[in-house]
Structure formats: structure tokens, C-alpha cells
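Comments concern the structure below.
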Amino acid sequence: MRFYTRRYMGPVSLPGFVSILPTTVAYRRIGWLFTVAWGAFIVFRRLLREGMWADGLTYAALSRNMAIGKGSFWSPVFASSFWLPFNRTETFYEHPPLLFYIQSWFFRLLGDTYVTERVYCFVVLLLILVLMVQLWRQLVPTDHPLYRWEWLPVFLLFTFPLTEWTYAQNYLDVTMSLFCLLTVKYTIEGWQNPKKWFLMATVAILALLAAFLTKGPVSLHVLAVPGLYGLFCRPTPELAKATRWTFLLIGGFALLLSLLLLYEPARIFLHTYFNQQVWAALNGKREVYGDTSGSLGRTFIVKVLLTNLAPALVLLAVLWLLNRFWLKSREAIRPLSGIIRFYMALGLASTLPIMATTKQIEYYIVPALPYMALGLGAWIGPQLVKLTFRLPKTGLRIFLALGWMACLGSGLYGISIAGTPYQSHRAILADVHTIGSVVPSNTRLGVCPEMMASVLLHSYLQRYHRLEMTTLAKKPAYFLADATCRDAQHPQLTAAGYQPVSVSMKSYVLYHRSAPPVSTKRL
């Protein structure tokens, strides 16, 4: 007996389905327990600790400043100085401002502590996971055993090495990924429900605009969704409908962006951003990261993607070998080939265009990670179901107990590290807090010229203590020197009336101008 199901390409064998279904349902709870335990352990290692890389600190500082009235949506402000030479004005034109605006409301509600951006990161992560579950259920048929394994793509997301770092670092790419997933969800929803196409398309277009206003043109990969869905996820390719939906998304987005550009502050900001960031990157006039100038060339981003997928691909190979040669499993579970192709192609669509520029950073593949997790989940799932079907049913209680123990262990681990400085940032955090205890907020702190490029120092001082870095020429009340420039600057500091402040720091010496500069005029 064979039957067909909605949203599923091809028939399903009823006897195999009936025999496998109880096993997959039983392992659903176990799967979620291990997923929560593993995911919490991976994310808590950074999310619950103090310490963040400069990009996330900068975005948090911009958001905090906007919350206290320093800067506005179309004129976000970090400080009067910035470590990159590309942004020469007080207005921060490096990225579109939507994340800063959204996060500013978290600062208004939660206050100005390092916990605020952590809460924001956690909320965004939870929303991404919810959308991944919904997207899994949208495409996997309800009568397929894997429909009840929505935990699998979530688990696979936590196997990617970049997940630990990026989802706790307040990166723009993560928030953009959230809006891109919304566009994917509602585009598919509108296709599957013709009576609601206008409402679903409107939400999808608004989400696309939000993604663009978070990270710019890299969000436009979601315009490939209708074409890929019509090609891979329908019983027969529906290219005409895919074309209509593609033009609908493009037209709606272009209309909203055109209306936005009629507003002069928006037009000035986006024009400056495009020239300063996008166009400059395409022409090789921005920073060069990774190995784009070495042996890998512009394929560096592909290497990063494959490195992150490696653990899941190894798991797939191991499961296949076990089922093929050891267990000799013969259960027929129809593969979800269309879903695999759709999400893997969408992941590549979000990644490969980055090869157009030499500015390639590892976390640029973040938007591809949920797509790849969904595609790999559909690929690995049948092999994993076969394996669990062969395991003794008496082991279910053991696995369930182990799952609860793993969750408990992750919770205790999170409690033990909460609030402690991240190891690699411990020294600079101690010095920054010492400086902040002496130097008043909202003042300029002089530094040696070479220290102006100190990314972490610059961002930490502004984020935690609202201090702006400047040079000695501005005659600030306080001056900070490190070991490499202290001796060279000492004569000038003494002549200008600066005296060392009696505080203990590991890497810096703090000076205060307590006397007027020594006159060089002859009497």
C-alpha cells in the first residue's frame, strides 16, 4: 500500500512508516534533551561570560549611545574617534543602523550593563532556532518519520565551530540571518497557501528590507528562494510561479527602498555607506582578511564553509558506514532529496557571492549556517533513524536518563562560569575597569598614536566607560601609555605637566595632567 502526502515529493511505504514511527517518536524527547544540553554548553561558554570581540562591543556601544540620546537612527554615533581609517566622521557609516536601533530598546529596558547585549544575543538565537523548527515542519511532510525530529537541524547547528563564537558576539550577521529566515519562511508560506499570498509576501518583503537595513546587500541572497523552491521542492519544477514570486520580492523590495530613499537622512546615510563600505570592498580598497591574498585566493570563504560543515559530514559518513556494513539495515526510508538540495543551494547562494571581494572574514558565513543545518538534517536524518531502529528498545530509558543528566551538567556549568571574564580577555578587562574607575565618563583619554589602532582597547573603553581616545595634541586631562611608547612619550608628558597615577595595571600606565605645561619661553 502506498500513499501521497502534502508537501512531500513521492510515495511513502506504509508498513515501513508504521513500524518506524514509534521509534522516532520515542527518540524525539531524547534528541531534544541532548540538543539543549549540547547547545547550552556551546553557547554558554561565551554568552554567560564577560568579554566580547571589538565588532560586537562597537555595535553595543552604538546601541547604548542611541538609547541615551547620543546619535539617532540615521546618524548612529560611536565616538569622535574610531580605529579604522575608513570612518572619518562622528556618524558611523560602516553598517546600516537597524540592529543599533532594535538593541537600543534593550538598553532602555535593561540598563547599561554588559548583560544587556548578552540578553539581546540570546533572544535572537532563540528566535532563529524557532524559525529553524518552523522551516523544518514546513517542508518535511507530517507523515514522514523525520517530521518529529525537528531537533536534528538544531543539534547540527551547534556542531558548526563558528556557532560558539558568533551567536554570542552581537554580530550583525546573526540578526540579519534572523530576518533572512523570516523571508524564507513567509515566501514558502505564501507559495503553499495561495489564498494568503499577499499577506505572506508583504511580511517576506518587510523582513527582506529589515535584513538589508541590518547588513546590506549580502541579505539579497534570499531572492533565490522562489527559484530554488520551485526547482527542488515541487513534484515537478514550477519555473513560471518561481519567476512570478521572484519578481514580486524584487519589486516589493525595490518599491520600499525607493520610498525610503526619498527621505533625505536615509538617502545620505545609505549613499555614504555604499561608497565607504560596499563599493570600496568590491574594488579591493577595504581591509584584506583571511587568506584571500595567499594560496586560497578568493576561495577562502569556501574553505571556511567546508571546515564548519566537516563535523556533520563526518557524522553522515559514519552513520552510512554503520548502516551499510555493520548493521546491514534494510529499512526503506525515502530520502528528502528536494529539501537537501534546496537548503544546501540556498546556503551556497548566501556564501559564494562573497568571493567577489577580498574582504572575507570567517563569520561572513553565519547566514548560511541555519540553511546548511536544515539541509544536512534532511540528509543525515534517514541514516540516523535506521540506526535508532536497530538499537534495543530497553536502551530508551538509559538514553533518556543520560539526556537529563547532560542538561543538568550544562546548567551547572553555566552557573559556575556566569559573570566571570573570558580567559583571553581577562587582562584587558582588568585594565579597562581600572581606567574607568579613575577617568570620568564622557571624557577624552589621550593615547600614543600607535595605540589609536588598538581595536579592543578602543571598543572596551567606549562600551563600558564612554571614554573617547585622542592624541596628546588635544591636551586631554588623562593620558594612557603602553610599554612600547611609555619611554618615548615620557619627556613630552613631563613637559606638559602629566604625572603618573598610582594605580596598578598589567599593560598600561595612566597619567593625569595636574600641573600646567612647562613654559619653553625665555624669561
Please compute the length gained on full extension between ALA495 and THR202, using 0.36 nm multiplied by the number of residues separating them and subtracting their Cα-Cα distance.
98.9 nm
Between the modelled labels at GLU90 and SER504 (7 Å from Cα along Cα→Cβ) the distance in nm is 4.0 nm
What ranking do 270-279, 25-34 get when scored by the average of other Cβ atoms within 10 Å per residue, highest first?
25-34, 270-279
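Which FRET efficiency, nearest 0.05, do LEU322 and GLN192 yield, Cβ-Cβ r, R0 35 Å? Mind dumping the intermediate values first?
Numbers: r = 36 Å, r/R0 = 1.02.
According to the calculation, E is roughly 0.45.
Using a 10 Å cut-off on Cβ atoms, rank the peptides 40-52, 229-241 from the highest mean neighbour count down. Kindly include the intermediate steps, with their values, before the conclusion.
Values: 40-52: 20.4, 229-241: 15.8.
Going from most to least packed, we get 40-52, 229-241.
Grab the Cα-Cα distance for LEU260 and LYS241, subtract it from 0.36 nm times how many residues apart they are, and report the gain in nm with one decimal.
4.0 nm
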Centroid-to-centroid separation of the range 222-264 and the range 59-121 [C-alpha atoms, Å]:
32 Å
Backbone N under 12 Å from the THR272 label point (7 Å along Cα→Cβ), restricted to the range 207-231:
none
Under a crude label model (7 Å from the Cα following the beta-carbon direction), how far is ASP143 from ALA427 in nanometres?
6.5 nm
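Per residue of the chain, what 222 nm ellipticity follows from adding -39500 (n - 2.57) for every DSSP H run with n ≥ 4, rounded to the nearest 500?
Details: 18 runs with 297 residues, N = 523.
Helix contribution divided over all residues of the chain: -19000 deg cm²/dmol.
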Treating the angle as unsigned and between 0 and 90°, give the value, to the nearest 10°, between the Cα long axis of helix 197-215 and the longest Cα principal axis of the chain.
30 degrees
In the chain, which Cys residues have no partner Cys with a Cβ closer than 4.7 Å?
CYS121, CYS180, CYS233, CYS407
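For the peptides 431-440, 175-184, 95-104, what is the packing order when you average, over each peptide's residues, the other Cβ atoms within 10 Å and list the highest mean first?
On the way: 431-440: 16.8, 175-184: 25.6, 95-104: 22.7.
Ranking, from highest mean packing down: 175-184, 95-104, 431-440.
None of the figures in this text is laboratory data; all of them are computed from the coordinates on show. Predicted model only: the values in this text are computed from it and were never measured. Positions of Cβ are backbone-derived with ideal geometry, glycine not excepted, and every protein chain shown enters the neighbour counts.
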